[in-house]
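Working notes, structure below.
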Amino acid sequence: MSLLCLAPILTQHEIAPRHFLLTFRAPAMAKVAQPGQFVHVRCGDTLDPLLRRPLSLHGIDRTKGTLTLLYRVVGKGTARLSRMQPGEALDVIGPLGRGFSLSLPFGQVVNEAVVVGGGIGVAPLLPLIEALLNQGSQVTVLLGARSADGLLGLKAFEQTGARVEIATDDGSLGVKGNVADLLKNWLTRGTVLPAGSGCVYACGPAPMLRTIWQMCAAHQIPLQVSLEERMGCGVGACLACVCRVTRTDEGKNKEISDDNNVKSSLALAADSDWKYARVCVEGPVFWGEEVLLDE
Amino acid sequence: MSRVASFPGAKPANSDSSRKSQMSDFQECEVQNRRDQVDNKQSPVNLAVNVGGIRMVNPVTTGSGTFGFGPEYAPYLDLRQLGAITVKGITLEPRLGNPVPRIVETPAGMLNAIGLQNPGVEAFIRDHLPYLREVGVPVIVNIAGNTVEDYAAVAERLDQAPGVAGLEVNISCPNVKKGGLQFGTDPVMAAEVIGAVRASTKLPVIAKLSPNVTNIVAMAESVAQAGANALSLINTLLGMAIDVQARRPVLANVVGGLSGPAIKPVAVRMVWQVAQAVDLPIIGMGGITTAEDALEFILAGATAVAVGTANFINPRATLEVVAGLAAYCEANGIKDINELVGWAWKMSC
Ligand SMILES: Cc1cc2nc3c(=O)[nH]c(=O)nc-3n(C[C@H](O)[C@H](O)[C@H](O)COP(=O)(O)OP(=O)(O)OC[C@H]3O[C@@H](n4cnc5c(N)ncnc54)[C@H](O)[C@@H]3O)c2cc1C
Ligand SMILES: Cc1cc2nc3c(=O)[nH]c(=O)nc-3n(C[C@H](O)[C@H](O)[C@H](O)COP(=O)(O)O)c2cc1C
Ligand code: FES
């Protein structure tokens, strides 16, 4: 059940240039929040910026009744959010969406997990790793960034006790390259995930997700990806935040294009196997086999 | 359960944050869901209105396409307190909608090009209408189509579906190239659509007008003649935004419909003009976020109002408008909200 709250901000820290860690009190939200879910946050009370901003849960503390966000300042909304002070009330809706699953589609618990994060995409992964470790899964974390100082909250990931491997584009820390390379090494090293109980989890920039999605499909390894898309409502009402998923339901040829003159993806869809799903409700986490990330 | 490790190098964002954060330890998170509900029957003010045969306990409905089919917002407010619920546009066949990006934020507004994604009229009746019937408030079904025949067919199908209070005919959606704009900007074609819908149903027919015309009054007169029982105005204003980094349009559809506070003055002006020229009840909409905004529309001549984009920012905006309207009437000695309809021109002329 999702809540609409005015939640007091407890702390806000700039942990790296333009990257902030914000903790607020919301016991009722923390109680039901799952790793991979997000909140829809109002960045101030003016009409510009108008819309809320979706941000993942980076920390869920049920005992303290707090939630933590890790975000990068990219535009108007996040810039305003970063200026909010402890004691101010955060206007927030959540928890929203479908989070990560700790078991596979047919119910087997994930025994061995590889968790892959790139850039700010690491945000939702911390609570996932903690939950996986809690249920006794083996967890390897592959983190990537442009350079060493872009590796956000590295300490926190190391402190979970999970094994952490690092890649940076400039080689300033860990392997020179990107996380997809790490995953590839990991897969070709022969350390294959146990059939039937292994799973890859990924969050990061779209090109990285696409590569990982293709890699996992080729190796037939279960994958869960967390996607981003522009959001209006965040609750499933406006249909702004869609992504393509495979169709399994009947009548797949019935969704016809409304414009026969334009050879767009609409026309393609008429006889193809996909439909649109809402990232805010059916996602943000999707199974690799259901989502379509090819161009 | 997870914890957040401390970041050794982290500095508080502001110097006196420790003091404030201690203070806030005593402050509790305020859950807003379903707070301060309005009781339509308890209020000493009559808020009930009749929109072309649709009886609403208060003048507030939802903007089509901004409130889904209702259940999406049920966690945040008691849907039974709404005057009506206007659902997402429905077509005869299912529609996929446009590629992403489908929206972009603009100053005090947003552009959308959803492309009328909807499950089609059969799936709507089967999967969504039963829920709405349970809620018990009047359900206004927004309909759209590519051809006059499409509109008539959807209207005919909904006429037989129990639980529909009225049809809002979208002749103004700017996103679907073959329908929308053409019907909505040509008075003759608009009248043709409304006439066909009128002939296909006994339900109240509301014509939803596009603001993308030079003469809104001519459009209103034309659909009134064709048998519309009420008017909705306005739909979104055609606009676009360009990504200067990528040097191309932001929306996959290139153009989209502008909504939100930015369009309110245009909408109020159109309601003002049409209300004085055409003797039909109006559902006013376009940028309403507060009761004060809604009052502008009512004073301009709207009998009811719809809250659209504001739902995204404040899921409780509809009910806050209802409460604010009641409070305004009480404070100003207005016993019946209908007295206020068109006041701004009735009293000054
Ligand atoms: C489910 C989900 C979870 C997210 N979690 C995080 C997180 O934990 N940390 C973090 O730093 N960022 C996260 N993002 C991205 C974050 O929402 C955007 O960076 C933010 O909305 C940018 O707002 P702005 O006003 O600063 O930027 P602007 O560029 O000014 O925003 C303009 C508009 O575009 C939208 N927008 C811009 N970038 C994105 C984006 N990448 N995804 C979706 N909408 C966007 C904004 O919401 C706004 O409506 C997440 C996005 C989604 C969809
Ligand atoms: C995301 C979105 C989807 C919409 N879909 C429809 C629709 O399907 N049919 C329709 O007649 N109007 C649609 N509209 C227009 C609204 O119902 C309303 O007329 C318009 O947004 C102006 O009101 P507002 O500023 O309060 O949003 C849509 C608007 C938005 C923002
Ligand atoms: S943001 Fe409105 S449906 Fe997802």
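The values are calculated or read from the model by the stated rules, or taken from the named source; none is laboratory data. Just so it is clear, the structure is predicted and the values come from calculations on it, not from any experiment. Note: ideal-geometry Cβ built from the backbone for every residue, glycine included; neighbour counts use all protein chains shown. Protein only, heavy atoms only, side chains kept; ligands, DNA and RNA dropped before computing areas. Shrake-Rupley method; radii C 1.70, N 1.55, O 1.52, S 1.80 Å.
Summary of values
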{"read-out": "Selected from B:Pro204, B:Pro59, B:Pro75 as most flexible by GNM, with chain B as the system and alpha-carbon contacts under 10 Å", "value": "B:Pro75"}
{"read-out": "Cα centroid of the stretch B:289-341 to Cα centroid of the stretch A:104-122, whole Å", "value": "48"}
{"read-out": "Distance between modelled label sites at A:Thr246 and B:Asn332, nm, 7 Å Cα→Cβ extension", "value": "6.0"}
{"read-out": "Rounded Å value of the spacing that divides the Cα centres of the stretch B:104-139 and the stretch B:41-63", "value": "21"}
{"read-out": "Residue-averaged [θ]222 nm for chain A, counting only DSSP H segments that reach four residues, each worth -39500 (n - 2.57)", "value": "-5500 deg cm²/dmol"}
{"read-out": "Max mean-square fluctuation residue, GNM over chain B, Cα-Cα springs under 10 Å, options B:Ala123, B:Ala331, B:Ala302", "value": "B:Ala331"}
{"read-out": "Additional length obtainable on full extension of the chain from A:Val175 to A:Ala206, 0.36 nm per residue less Cα span", "value": "9.0 nm"}
{"read-out": "Kirkwood hydrodynamic radius of the stretch A:3-96, from inverse mean 1/r over distinct Cα pairs, in Å", "value": "13.0"}
{"read-out": "Helical mean residue ellipticity (222 nm; -39500 (n - 2.57) per DSSP H run of 4+; nearest 500) of chain B", "value": "-8500 deg cm²/dmol"}
{"read-out": "Nearest-0.05 FRET efficiency for A:Thr188 and A:Met1, computed from C-beta distance (R0 56 Å)", "value": "0.80"}
{"read-out": "Carbon/sulfur fraction of accessible area - the protein assembly as shown, other protein chains in place, 1.4 Å, %", "value": "52"}
{"read-out": "Efficiency of FRET from Cβ geometry, B:Gln276 and A:Ala28, R₀ 45 Å, rounded to 0.05", "value": "0.35"}
{"read-out": "Rough spin-label spacing in nm, given labels placed 7 Å along Cα→Cβ, for B:Glu156 and A:Arg163", "value": "6.8"}
{"read-out": "GNM flexibility winner over chain B from B:Val244, B:Val255, B:Val121 (Cα, springs under 10 Å)", "value": "B:Val244"}
{"read-out": "Whole-number Å³ per residue for the convex hull built on Cα positions in chain A", "value": "149"}
{"read-out": "Amide N of the stretch A:76-95 lying under 18 Å from the label point, which is placed 7 angstrom from the Cα of B:Val31 along Cα→Cβ", "value": "A:90-95"}
{"read-out": "Model label zone, A:Arg18; criterion: amide N under 18 Å from point 7 Å along Cα-to-beta-carbon; scope the stretch A:101-126", "value": "A:118-123"}
{"read-out": "Cβ-Cβ FRET estimate between B:Ala199 and A:Ser103, R0 fixed at 51 Å, reported to 0.05", "value": "0.35"}
{"read-out": "Charge tally in the Cβ shell below 13 Å around B:Leu340, where Lys, Arg are +1 and Asp, Glu are -1, B:Leu340 excluded", "value": "-3"}
{"read-out": "For chain B, the fraction of alpha-carbon pairs in successive 20 Å shells from zero, as %", "value": "30, 54, 14, 2"}
{"read-out": "Segment A:Asp294-A:Asp273, length gained on full extension (0.36 nm per residue, minus Cα span)", "value": "6.2 nm"}
{"read-out": "Relative contact order (percent, whole number), chain A, Cα cutoff 8 Å, 6+ residue spacing", "value": "16"}
{"read-out": "Cα Rg, Dmax (largest Cα-Cα span) when computed across the stretch A:147-241, Å", "value": "15.8, 45"}
{"read-out": "Alpha carbon convex hull of the protein assembly as shown, volume per residue in cubic angstrom", "value": "159"}
{"read-out": "Over 20 Å between alpha carbons, listed pairs A:Lys275/B:Lys88; A:Lys31/A:Lys155; B:Lys208/B:Lys264", "value": "A:Lys31/A:Lys155"}
{"read-out": "Lys, Arg +1 and Asp, Glu -1 on Cβ, resulting dipole of the protein assembly as shown about Cα centre, debye, nearest 20", "value": "940"}
{"read-out": "Radius, Kirkwood style, for the stretch A:56-119 when every pair of distinct Cα atoms is counted (Å)", "value": "15.2"}
